[in-house]
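**Q** This structure is in structure tokens; I'll ask about it shortly.
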Amino acid sequence: MDKTKFGKRFQGKVAIVTASTQGIGFSIAERLGLEGASVVVSSRKQKNVDEAVQNLKARGIEVLGVVCHVSNAQDRKNLIDKTLQEYGKIDVIVSNAAANPSVDAILQTKESVLDKLWEINVKASILLLKDAALHLSKGSSVVFISSVSAFQPPAAMAMYGVTKTALLGLTKALADELAPDTRVNCVAPGFVPTHFAEFITSNKAVRETIEQKTLLNRLGTTEDMAAATAFLASDDASYITGETLVVAGGMPSRL
Ligand code: NAP
């Protein structure tokens, strides 16, 4: 992907991306930034935030870094406040944070783990938007990052998959609630070799099985996810709201 050839669809726009110091979130922040947005990157660890800010600045991107653990109310408020102090508005929010703390079957999963999955993968997205809603520009855009696992939760990550199914419904419901000034859409990535998916994609046999489940015979890249997210967040998608774009190389994706 030749990153020097990107357009400038986000010139003058301000974009918040949660969980954006590495992996898919980082690539989304990079893509929006290279297309002209002022981007606000965040994650739980100051060191990771500082490194991401440095990396993005080195690519000529206007960037602010804020520590934000998405399930911490004060951190979420701070993320919105600092964005407004620095840039005065919010045009794009990409809600990307997720946890996958267990490989247990759903009925074997501890209540505390069920709570954590709901808290981070679903509730935190709602609460962040609650804090941000009053400050969203006319013509703004929200993108949730779900997963192809939302459509058919795999046994080893079943409850995680179910929280990602919830995001498909949340996309529809909030698209209605925030219309007509804010569009709400969702990207459902296939398997991408990041730290998050390491336990799956680092195993050669598992990796090959997943590759064979795609029509394109490969795993996804973080840049594939960033391209789809940038499309939905941009004015190119100005008549699209309440939709989920599956970016999974043709893996089956039907509820
Ligand atoms: P990743 O490479 O492991 O990156 C995770 C990022 O999230 C890091 O920047 C991490 O930084 C931050 N983070 C983790 N927990 C956080 C929290 N509670 N609050 C704020 N930031 C947090 O993960 P990824 O693969 O890019 O995953 C990103 C999203 O894509 C997730 O929603 C995931 O469900 C979805 N997804 C991934 C795949 C895949 O195959 N990779 C497939 C489908 C969907 P700190 O450690 O500093 O917090």
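The values are calculated or read from the model by the stated rules, or taken from the named source; none is laboratory data. It should be emphasised that the depicted structure is a prediction, and the values quoted were computed from it without experimental measurement. Backbone-built Cβ (ideal geometry, glycine too); neighbour counts: all protein chains shown. Please note that ligands, DNA and RNA were not included when accessible areas were found on the heavy atoms of the full protein model with its side chains. Shrake-Rupley method; radii C 1.70, N 1.55, O 1.52, S 1.80 Å.
**Q** Within the stretch 54-63, work out how many residues are of a type outside the set (S, T, N, Q) and surrounded by fewer than 20 Cβ atoms within 10 Å (Cβ to Cβ).
**A** As a first pass, look at the stretch 54-63 and keep what is of a type outside the set (S, T, N, Q): 56-63.
Pick out the ones that are also surrounded by fewer than 20 Cβ atoms within 10 Å (Cβ to Cβ) and you get 57-60, 62.
Of the residues in the stretch 54-63, 5 are of a type outside the set (S, T, N, Q) and surrounded by fewer than 20 Cβ atoms within 10 Å (Cβ to Cβ).
**Q** Could you say which residue among 94, 113, 103, 122 is hydrophobic (A, V, I, L, M, F, W, C), within 22 Å of residue 163 (Cβ to Cβ) and modelled with pLDDT under 95? Steps first, please.
**A** Working: 94 fails: modelled with pLDDT under 95; 113 fails: modelled with pLDDT under 95; 122 fails: modelled with pLDDT under 95.
Result of the check over 94, 113, 103, 122: 103.
**Q** Moving to a separate point now. Within the stretch 49-89, restricting attention to residues that are under 17 Å from the mean Cα position of the chain (by Cα) and assigned to a helix (DSSP H, G or I), which residue is nearest to residue 5 (Cα to Cα)?
**A** Here is the first cut: in the stretch 49-89, the ones under 17 Å from the mean Cα position of the chain (by Cα) are 49, 52, 65-71, 76, 79-80.
Of the ones still in play, those that are also assigned to a helix (DSSP H, G or I) are 49, 52, 76, 79-80.
On the way: 49: 27, 52: 22, 76: 34, 79: 31, 80: 31 Å.
Going through the qualifying residues, I end up with 52.
**Q** Now, a different point. Got at least one residue in the stretch 80-92 being within 11 Å of the ligand (Cβ to nearest atom) and more than 25 Å from residue 238 (Cα to Cα)?
**A** We begin by selecting, within the stretch 80-92, every residue within 11 Å of the ligand (Cβ to nearest atom); these are none.
Checking the stretch 80-92: not a single residue is within 11 Å of the ligand (Cβ to nearest atom) and more than 25 Å from residue 238 (Cα to Cα).
**Q** I would also like to ask the following. Sort through 158, 175, 197, 228 and tell me the only one that's surrounded by 13 or more Cβ atoms within 10 Å (Cβ to Cβ) and either touching a helix residue (DSSP H, G or I) at 6+ places or on another chain (Cβ under 7 Å) or aromatic (Phe, Trp, Tyr) (or both). Give the steps one after another, and end with the answer.
**A** Working: 175 fails: either touching a helix residue (DSSP H, G or I) at 6+ places or on another chain (Cβ under 7 Å) or aromatic (Phe, Trp, Tyr) (or both); 197 fails: either touching a helix residue (DSSP H, G or I) at 6+ places or on another chain (Cβ under 7 Å) or aromatic (Phe, Trp, Tyr) (or both); 228 fails: either touching a helix residue (DSSP H, G or I) at 6+ places or on another chain (Cβ under 7 Å) or aromatic (Phe, Trp, Tyr) (or both).
From the options 158, 175, 197, 228, the qualifying one is 158.
**Q** Among the listed residues 205, 166, identify the single one that is in contact with a helix residue (DSSP H, G or I) (Cβ under 6 Å, 6 or more places away or on another chain) and either at pLDDT 95 or above or open to solvent by 20 Å² or more (accessible area, probe 1.4 Å) (or both).
**A** Selected residue: 166, the only one of 205, 166 that is in contact with a helix residue (DSSP H, G or I) (Cβ under 6 Å, 6 or more places away or on another chain) and either at pLDDT 95 or above or open to solvent by 20 Å² or more (accessible area, probe 1.4 Å) (or both).
**Q** May I ask you to say which residue of 88, 36 is under 13 Å from residue 15 (Cβ atoms) and surrounded by fewer than 21 Cβ atoms within 10 Å (Cβ to Cβ)?
**A** 36
**Q** State whether the residues of the stretch 116-132 include one that is away from the ligand (no atom under 14 Å from the Cβ), under 18 Å from the mean Cα position of the chain (by Cα) and of a type in the set (Gly, Ala, Ser).
**A** So far as the stretch 116-132 goes, yes, one or more of its residues are away from the ligand (no atom under 14 Å from the Cβ), under 18 Å from the mean Cα position of the chain (by Cα) and of a type in the set (Gly, Ala, Ser).
**Q** Would you point out which residue out of 20, 71, 42 is buried (at least 17 other Cβ atoms within 10 Å of the Cβ) and either without any contact (Cβ under 8 Å) to a residue 12 or more places away in the chain or touching a Leu at 6+ places or on another chain (Cβ under 6 Å) (or both)?
**A** Details: 20 fails: either without any contact (Cβ under 8 Å) to a residue 12 or more places away in the chain or touching a Leu at 6+ places or on another chain (Cβ under 6 Å) (or both); 71 fails: either without any contact (Cβ under 8 Å) to a residue 12 or more places away in the chain or touching a Leu at 6+ places or on another chain (Cβ under 6 Å) (or both).
Only one candidate qualifies: 42.
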